[in-house]
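Asker: Following this message is one structure expressed as structure tokens.
The values are calculated or read from the model by the stated rules, or taken from the named source; none is laboratory data. It should be emphasised that the depicted structure is a prediction, and the values quoted were computed from it without experimental measurement. In this analysis, Cβ positions are derived from the backbone assuming ideal geometry, glycine residues included, and neighbour counts consider all displayed protein chains.
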Amino acid sequence: MNSRLLNYAVNCGSLLTLAWLVFSTGSLAAQATFSAGPLLLHQVRTIYVAPSSDDFVLMIKARLEKWPAVDVTSKPEEADAILTCQTERKIVTAKVGVRLTIAEVTLADRRSQKPIWRTTKSSSFDTNKLADDIMEQLKQDWIKSAIGH
């Protein structure tokens, strides 16, 4: 088992998650071989972050690189999934103008091109907090996916 993945499971403090990860690792290869659909979120072990003209994707990539459950690869053909990020900035006026950043992040199965996970979040002013919120959502959903199967 990937030592980063093991460390992540231990740091989560959930023996159930750790036990499931140990059990599932042995059966992932066979399951992926026969699966015609997209991978389940917890089956994603390597991610390629698609380039974007927006620097926000670099914030997401930096956080992904620190997450021990997955590895970030520089070659799309080596990835289980491709992460794309689109942002939109709007000025919302009420009594004062507020700059709002809306980010849509999608993780798609590299082979089937079908979405595995997607979130849309927004924040005014603080894009660092927005990136943190997106990563926290991904981590929570990844754990739920592992426990649910």
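Asker: So, Asp132, is that one more than 11 Å from the chain's Cα centre (by Cα) and at pLDDT 95 or above or not?
Answerer: In short, yes.
Asker: Still on this model: Looking only at the range 110-128, how many residues end up being modelled with pLDDT of 95 or more and touching a Ser or Thr at 6+ places or on another chain (Cβ under 7 Å)?
Answerer: The number of residues fulfilling the criteria is 2.
Asker: If you check every pair at least six apart or on different chains, which have Cβ atoms under 7 Å apart with a residue in the range 86-112 that is in contact (Cβ under 8 Å) with a residue 12 or more places away in the chain and within 30 Å of Pro76 (Cβ to Cβ) first and a residue that is of a type in the set (Gly, Ala, Ser) and outside any strand (DSSP E or B) second?
Answerer: Final answer for the pair search is Arg110/Ala79; Ser112/Gly37.
Asker: Enumerate the pairs (first residue in the range 120-149 and under 18 Å from Thr87 (Cβ atoms); second residue anywhere and part of a loop (DSSP other than H, G, I, E, B) and aromatic (Phe, Trp, Tyr)) with beta-carbon separation below 8 Å, excluding pairs fewer than 6 apart on the same chain, so at least 6 apart or on different chains.
Answerer: Note: pairs meeting the criteria are Met135/Trp67.
Asker: Among what's in the range 110-120 and is surrounded by 12 or more Cβ atoms within 10 Å (Cβ to Cβ) and either among the hydrophobic types (A, V, I, L, M, F, W, C) or in a loop (DSSP other than H, G, I, E, B) (or both), pick the residue that is nearest to the chain's Cα centre (by Cα).
Answerer: Ranking the candidates gives Trp117 first.
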